[in-house]
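> Mind having a look at this structure? Questions to follow.
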């Protein structure tokens, strides 16, 4: 039951990571640098977000304490 | 999608108070009269009154009422002590037990016609999540001081420019996932029940969804409590 509730939260956490990464990149491009760097920060931070999601999966798969 | 009948809103409207018909009102009074606020107050009143009635005076040999509450509190504390140790569980117990005792009746309340789950509003879940998030960072800073940054820099120092943004993104995503999970599950249950009551209410159509609703309420309470315990425990542990 505990494992179900932990691993049931993986999906939404991965998608939340991707959206947070995308949002941070979008903010940097459009608000902070005033559209001068337009596609780049969004793409880089989207990559960071996707990587963060998969790292969350990796750390969960490495846990042995439950 | 709003509920067809909410009895507290009906009573407040009969009293002449401005009950908002959208998600949020515009004046302070109508914000306070929004359904999720009034039902939160109902749950607060229940949580204050119910133990007073059932428990009475605490005795050395507990009666049935006191036995029930002792089992609830003791079970929750044991559950937390498994993850963070006796002493830290005793320290974190008031906050997390408050969440547990509030979220469970709040989720269950939407199963009764005429009531609504306050947790089916994003305002409530986001508020609770922000409390947990700020608290676990505060605990991390309190236990580790400036070394708390080791939690975010990854295992090797030369990986730091890569790991730092990733860990920060992953950490901010906790706010999003913890709040939207509870909100989404409970709102889905509420909306489904409301639609089924309107369409096939005469043929006991919502009955299977009511059974599933009990399961969802309990599981989501457990997930919220478990994850907030794990986050607080993780912030207090040493970085690996």
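FYI, it's all coordinate maths here, none of it is from the lab. Not measured: the values here are computed from a predicted model. We place every Cβ from the backbone using ideal geometry, glycine too, and count neighbours over all the protein chains shown.
> Relative contact order, percent, of the range A:12-61 when contacts are C-alpha pairs under 8 Å separated by at least 6 residues? Intermediate values should be presented prior to the final figure.
Details: 53 pairs, mean separation 24.2, N = 50.
Relative contact order of the range A:12-61: 48 percent.
> Find the Rg to Rh ratio for the range B:79-179, where Rh is the Kirkwood radius over alpha-carbon pairs and Rg uses the same atoms. Present the calculation step by step, with values, prior to reporting the outcome.
Details: Rg = 17.3 Å, Rh = 16.0 Å.
When Rh is taken as the Kirkwood radius, the ratio is 1.08.
> Continuing with this model, one more query. For a quick check: sort B:157, B:69, B:133 by the number of other beta carbons within 10 angstrom, fewest at the front.
On the way: B:157 8, B:69 15, B:133 18.
Ordered by Cβ neighbours within 10 Å, fewest first: B:157, B:69, B:133.
> Could I ask something else about it? Classify the range B:39-236 as rounded, prolate or oblate from the Cα gyration tensor: take a ≥ b ≥ c as the square roots of its eigenvalues, call it rounded if a/c is under 1.5, otherwise prolate when a/b beats b/c and oblate if not. Mind dumping the intermediate values first?
On the way: a/c = 2.81, a/b = 1.37, b/c = 2.04.
Since a/c reaches 1.5 but b/c is at least a/b, the shape of the range B:39-236 is classed as oblate.
> Here is a follow-up. Quantify how strongly other chains surround peptide A:15-22 by giving the mean number of their Cβ atoms within 10 Å of each of its Cβ atoms. Could you put the intermediate results ahead of the total?
Values: counts 4, 12, 9, 2, 5, 10, 7, 1.
That average works out to 6.
> Could you work out [θ]222 nm for chain B from helices alone, using -39500 (n - 2.57) per DSSP H run of at least four and dividing by all its residues? Round to the nearest 500 deg cm²/dmol.
Working: 8 runs with 173 residues, N = 240.
-25000 deg cm²/dmol, from helical runs alone.
> If one takes the longest principal axis of the Cα atoms in chain A, at what angle in degrees, from 0 to 90 and to the nearest 10, does the Cα axis of helix A:38-62 lie?
10
> Could you line up B:134, B:225 from fewest to most neighbouring Cβ atoms inside 10 Å? Let's see the in-between values first.
Numbers: B:134 11, B:225 21.
Ascending number of Cβ neighbours within 10 Å: B:134, B:225.
> Using the count of nearby Cβ atoms within 10 Å as a rough guide to exposure, how do A:5, B:64, B:179 rank from fewest to most?
With the fewest neighbours first, A:5, B:64, B:179 line up as B:64, A:5, B:179.
> Starting from a Cα-only point model with no solvent, please compute log10 I(q)/I(0) by Debye for the protein assembly as shown at q = 0.08 1/Å.
Ignoring solvent entirely, the Cα scatterers give -0.45.
> Hey, another quick one. Principal axis lengths of the range B:1-147 from Cα atoms, whole Å, largest first?
Computed over the Cα atoms, the extents are 50, 49, 22 Å.
> Further question on the same structure: Could you state the number of Å between the C-alpha centres of the range B:95-118 and the range B:170-198?
13
> Full extension from residue B:238 to residue B:131: what is 0.36 nm times the residue separation minus their Cα-Cα distance, to one decimal in nm? Write out the running numbers ahead of the final one.
On the way: separation 107, 0.36 × 107 = 38.52 nm, distance 2.23 nm.
Between residue B:238 and residue B:131, full extension yields 36.3 nm more.
> Using 1/(1 + (r/R0)^6) with R0 = 45 angstrom and r between the beta carbons of residue B:98 and residue A:62, what's the FRET efficiency to the nearest 0.05?
Values: r = 32 Å, r/R0 = 0.72.
Efficiency, rounded to the nearest 0.05: 0.90.
> From Cα coordinates alone, what are the radius of gyration and Dmax values for the range B:183-240 in angstrom?
Computed over the Cα atoms of the range B:183-240, radius of gyration and Dmax are 17.3, 58 Å.
> Extent of the range A:12-61 along each principal axis, from alpha carbon coordinates, in Å, largest to smallest?
40, 15, 11
> If I fit a long axis through the Cα atoms of helix B:160-200 and take the longest principal axis of the Cα atoms of chain B, what angle between them do I get, 0 to 90°, rounded to 10?
Relative to chain B, helix B:160-200 is tipped by roughly 10 degrees.
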